[in-house]
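To start, the structure itself, in structure tokens.
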């Protein structure tokens, strides 16, 4: 089917600004297929159903808008105290000097560029494969663009229990950097890995993470998207879960002009469990979009979506979350909650929760709320001597608690709570304060 | 200690006058009770003193040891030594009772320029005080007042009072919703805090509470004014004859 003229023009312009497809062997085929998918779909536009609340223009543009990197001052980098395997990318380019050796017990890590040279590679069955599968029923053209043009990334094969978490650190240096990273993680049956991601990465950042969680394997993912005010990012998590496997993913977003985090999770084996959670705090020129699609394709799987946003001074939050229960996926337990706390009348939250169920013995619930801070609770705290700002922070943290509780590691959860507390001490609504 | 002069208060949102010239003086170590029919302005007085939004002071003053309360933020009034035990303690999901208590105690200490209490010392102190109020460790861990019974909520108010050590305590219908045993427990908690340097203003509908917390002075409030002041015998008179006689007598 031919694209409408406007979409075709936008795509041609964008493609003209990108280098020719690179790589040989298996990866060149994967990239060519992704490019074909992109050409069939075109770039996202405001009139597309899943882009109504988020303007993709700055993500589609040939050049990224300039964004200064942010100096966090004396705030310690997240995950610093952890025993971890550190991999650093600067403006989207792997930095071997700053990174640890890419090997540890239970894991094998390769750079995408190195693996692409091989004739045969396990990543052939994964790179672009989950992304391609995730294009239906909702198109995700920016993910196809990523698969076709990713310039760097990691292929992580987890064969056992990875004793250390792998920590990806995304440093943003250049004001005009435009990074496209694509990672694949393959967990063998019964294997486990914790993947940590931290940092804004670039002025404009596109990232795809494809994760294959085999039977009985477990994948924990904790992500902090950095505190740069001006950066823009679009990220996709595609995950396929086998029987009795587990996925837990938590994202903290503080600041950022534009963030679109998509998660596409397929529960393909019975008794699998997927928990996706996000806490976002935004002040002013902040647009944050969580778009989640969970498919229950097997019996007795559990999924949870817990997304909370705190918005002030004109910030915008978006949540589009879907649970699809296929026929035969009996005993499904699906839960979805999206909530926003609006600290003033200038901020807004747009939510589109969806359920589509083709099985008759399932438990699915969803809820979405938007509210102001509880003035009675605020007064109660103040009357005990707690300053208004601190009282407000306590109530905001209480609001975010359900999302933060999804982090399995209590030390990391506590660190995140403390970071949020400090963030809240620095930011407040200008209205009525 | 607390001195209220000619206090006039109306609702901020509508033209409804609630307090029409309240005068009240409470000396250090004294216990005063305010009784009065529904709608006489008793609870409003407690809210205005503690700084709740929604009220407009049109005239008068309220000072604590000479410092004007009405110009302070609620947290500053607390730091100055004022405490209000709420008639309806507020539930705060997601905020642990212990975290709340410690944040409050340390915030007050900080604002007075005193050193903060260490986590260990604090824990020890809370446990000690909680024990006398029959508040168990489980209740301390739960979110503030969430799922607490009426009695537990009131005991939790007294625990906060014990931890914060205010000089001027206002108890707003602390007896409401309490059974006999709980009232005894709460009253014992209050009586244990009575001292030469600490004053109380007990707002209540019933004489019952005053059997447990013996007041030095009893005031009758009606239509936004204190219309009669006397000793403990005034409370008994109300209990036996209702407010009608007093209202007629003054009226």
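Could you let me know the centre-to-centre spacing of region A:245-281 and region B:113-183, using Cα atoms, in angstrom?
40
Using Cα pairs under 8 angstrom and six or more residues apart, how large is the relative contact order of chain B, in percent? Don't skip to the end; give the middle numbers.
Details: 441 pairs, mean separation 71.4, N = 251.
Computed value for chain B: 28 percent relative contact order.
Grab the beta carbon distance between residue B:193 and residue A:430, set R0 = 41 Å, and tell me the FRET efficiency rounded to 0.05.
0.50
Provide a whole-number value for the mean count of partner chain Cβ atoms within 10 Å of the Cβ atoms in peptide A:367-375. Could you put the intermediate results ahead of the total?
Numbers: counts 0, 0, 0, 0, 0, 0, 0, 4, 3.
Averaged over the peptide's residues, the number is 1.
Sorted from fewest to most neighbouring beta carbons within 10 Å, what does the list A:365, B:61 look like?
A:365, B:61
Applying 1/(1 + (r/R0)^6) with R0 = 60 Å to the Cβ-Cβ distance of residue A:93 and residue B:212, what FRET efficiency is obtained, to the nearest 0.05?
Plugging the Cβ-Cβ distance into 1/(1 + (r/R0)^6) gives 0.20.
Suppose only helical runs count, i.e. DSSP H with n ≥ 4. What mean residue ellipticity at 222 nm does that imply for chain B under -39500 (n - 2.57) per run, divided by all residues and rounded to the nearest 500 deg cm²/dmol?
So the calculated ellipticity at 222 nm is -11500 deg cm²/dmol.
Rounded to the nearest 0.05, what FRET efficiency do residue B:68 and residue B:120 give with R0 = 35 Å and r taken as the Cβ-Cβ distance? Could you check? Don't skip to the end; give the middle numbers.
Numbers: r = 38 Å, r/R0 = 1.09.
It comes out at approximately 0.35.
Name the most mobile residue of A:223, A:422, A:304, meaning the one with the largest mean-square fluctuation, in a Gaussian network model of chain A with Cα contacts below 10 Å.
A:422
How much of the DSSP beta bridge set in region A:283-366 is antiparallel, as a percent to the nearest 5?
Values: 0 of 35 bridges.
Taking every DSSP beta bridge within region A:283-366, about 0 percent pair in antiparallel fashion.
How big is the equivalent ellipsoid of region A:289-433 along its three axes, where each semi-axis is √(5λ) from the Cα gyration tensor, reported in whole Å from largest to smallest? Working shown, then result.
Working: eigenvalues 231, 56, 31 Å².
Equivalent ellipsoid of region A:289-433: 34, 17, 13 Å, largest first.
Using a ≥ b ≥ c from the Cα gyration tensor of chain A (square roots of the eigenvalues), is it rounded, prolate or oblate, where a/c under 1.5 gives rounded and otherwise the larger of a/b and b/c decides, a/b for prolate?
rounded
Where the centre of each part is set by its Cα atoms, how far does region A:43-70 sit from region B:192-233, in angstrom?
Each part reduced to its Cα centre gives a spacing of 66 Å.
Over 33 Å, how big is the tail of the calculated P(r) for chain B, in percent of all Cα pairs?
Working: 5564 of 31375 pairs.
Roughly 18 percent, rounded to a whole number.
In terms of the Cα gyration tensor, with a ≥ b ≥ c the square roots of its eigenvalues, is region A:117-212 rounded because a/c is under 1.5, prolate because a/b exceeds b/c, or oblate? Working shown, then result.
On the way: a/c = 1.83, a/b = 1.19, b/c = 1.54.
Verdict is oblate for region A:117-212.
What whole number of Å gives the distance from the Cα centroid of region B:59-78 to the Cα centroid of region A:372-433?
Going from one Cα centre to the other spans 27 Å.
Going by alpha carbons, how many degrees (0 to 90, nearest 10) lie between the helix axis of B:119-132 and the longest principal axis of chain B?
50
Provide Rg over Rh for region B:1-114; use the alpha carbon set for both Rg and the Kirkwood Rh (inverse mean inverse pair distance). Mind dumping the intermediate values first?
Working: Rg = 15.4 Å, Rh = 15.6 Å.
Using Cα coordinates only, the ratio equals 0.99.
With a point put 7 Å past each Cα toward its Cβ, work out how far residue A:356 is from residue A:20 in nm, to one decimal.
In this crude spin-label approximation the distance works out to 4.0 nm.
Let me know the Rg and Dmax you get for region B:194-251 when you use only its Cα atoms, in Å.
12.0, 37
Run lengths n ≥ 4 of DSSP H only: what is the helix-derived mean residue ellipticity at 222 nm for chain A, with -39500 (n - 2.57) per run over all residues, to the nearest 500?
One gets -6500 deg cm²/dmol as the mean residue ellipticity at 222 nm.
Taking every DSSP beta bridge with both residues inside the protein assembly as shown, roughly what % is antiparallel (nearest 5)?
That works out to approximately 20 percent antiparallel.
Extending each Cα 7 Å along its Cβ direction at residue A:29 and residue B:5, get the distance between those two points in nm, one decimal.
9.3
In terms of the Cα gyration tensor, with a ≥ b ≥ c the square roots of its eigenvalues, is region B:49-153 rounded because a/c is under 1.5, prolate because a/b exceeds b/c, or oblate?
Oblate, because a/c is 1.5 or more while a/b does not exceed b/c.
For the Cα atoms of chain B, what angle does the longest principal axis make with the long axis of helix B:180-193, in degrees from 0 to 90, nearest 10?
So the helix axis and the longest Cα principal axis differ by about 80 degrees.
If you fit an axis through the alpha-carbon atoms of helix A:388-404 and take the longest principal axis of the Cα set of chain A, what angle between them do you get, 0 to 90°, nearest 10?
Between the helix axis and the principal axis of chain A, the angle is about 40 degrees.
Where a number appears in this text, it was derived from the coordinates with a stated rule and is not lab data. Since the model is a prediction, treat every value here as computed from it, not as a measurement. No Cβ is skipped: glycine too gets one built from the backbone with ideal geometry, and neighbour counts run over all protein chains shown.
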